[in-house]
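Here, each number is a calculation from the coordinates, and none is a lab measurement. Note that the coordinates shown come from a computational prediction; the quantities given were computed from them, not determined experimentally. Using ideal geometry, Cβ is built from the backbone for each residue, glycine included, and neighbour counts are taken over all protein chains shown.
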Amino acid sequence: MRRRFFVEQFSGDGAVIEGETAHHLGRVLRAQPGQLYELSDGQQVRLGRIEKVARDRVEFALIEKLPAHHPAVDVTLLLSIVKFDAFEWALEKATELGVSTIVPLAAGRSEKALLAAAKNRSARWNKILLEASQQSRRVRVPILEPLILPEQAFGAHKDGLRVMLSERGDAPPMREVLEGAHSAKAVLAIGPEGGWTDSEFEAARTAGFREASLGRLILRTETAVMAALASINYALEG
């Protein structure tokens, strides 16, 4: 299976990859003229043949268009900051599961030291999203938005299916919330390790979010991300 890479744009019958990705192609993968790779500009996918390999630049000739699969559901993930190893693992898996946008949340019970450090992690996180998109052969890399407060994020989403994972005992099961749902857009909110605060629950309810439980077992944040996104995809993509 041919590997896929992203380019800034297609220019006529050619495309160029520069910088770190080009260095990886040339120095790590030992790319040579004549080799074929799949290229995406975020909208369409083309088959590209390498014409020239330089130190930090690889030039392609575009041969043909390839089928481009776009997710049937536009999913936004509102993900509270947790320990970075778990958060970054969640970013990778959310990308593989097709999310379109990821919004990091400075939740009330997120660790303050992590929130302070998160402001300097966007470059690393975008790299994770890029690499996961290439690996899973996506057409577009998810958008990573700036860190904001949960109340701001809830208020910014007014339409589509809106789900807030909840640890409260009276929260309905996810299957009940998703039963009969028909929407081309979904927003999923996942809290920090300490859970949502009362004010965050109220802000989500006011914004039209429905609480949902993934069951009685306590899941780590990254596990909850996979379980919830898989459930939403199953319910809505059909």
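Can you order the peptides 222-229, 157-164 by their average number of other Cβ atoms within 10 Å per residue, highest first?
Details: 222-229: 20.1, 157-164: 18.6.
Ranking the peptides 222-229, 157-164 by packing returns 222-229, 157-164.
Only Lys, Arg, Asp and Glu count, each charged at its Cβ (+1, +1, -1, -1), so figure out the dipole size of segment 4-66 about its Cα centre, rounded to 20 debye.
Details: 9 positive and 10 negative charges, 52 e Å.
With Lys and Arg at +1 and Asp and Glu at -1, about 240 debye.
Among Glu167, Glu64, Glu202, determine the one that fluctuates most according to a GNM of the chain built with springs between C-alpha atoms less than 10 Å apart.
Glu64
Just add up the charged neighbours of Ala72: K/R +1, D/E -1, any other residue whose Cβ is under 13 Å from the Cβ of Ala72. Don't skip to the end; give the middle numbers.
Numbers: positive: Lys185; negative: Asp74, Glu237.
Net of charged neighbours comes to -1.
Can you give the net charge of the other residues whose Cβ lies under 15 Å from the Cβ of Ser183, counting K and R as +1 and D and E as -1?
On the way: positive: Lys158, Arg162, Lys185, Arg210; negative: Asp74, Asp159, Glu179, Glu237.
Here the charged neighbours net out to 0.
Which helices, taking whole DSSP H runs in the chain, have alpha carbons extending 15 angstrom or more along the helix axis plus mean Kyte-Doolittle at least 0.5?
Result, helices passing both filters: 221-237.
Can you tally the net charge around His157? Count Lys and Arg as +1, Asp and Glu as -1, for every other residue whose Cβ sits under 15 Å from the Cβ of His157.
Details: positive: Lys158, Arg162, Lys185, Arg205, Arg210; negative: Asp74, Glu145, Glu151, Asp159, Glu200.
With Lys, Arg at +1 and Asp, Glu at -1, the net is 0.
What relative contact order, as a whole-number percentage, does segment 90-200 give when Cα pairs under 8 Å and 6 or more residues apart are counted? Mind dumping the intermediate values first?
On the way: 109 pairs, mean separation 39.7, N = 111.
Dividing the mean separation by the residue count of segment 90-200 yields 36 percent.
Below 26 Å Cα-Cα, how many Lys pairs turn up in segment 74-237? Only count pairs eight or more apart in sequence, or on different chains, if you could.
Total qualifying Lys-Lys pairs in segment 74-237 comes to 13.
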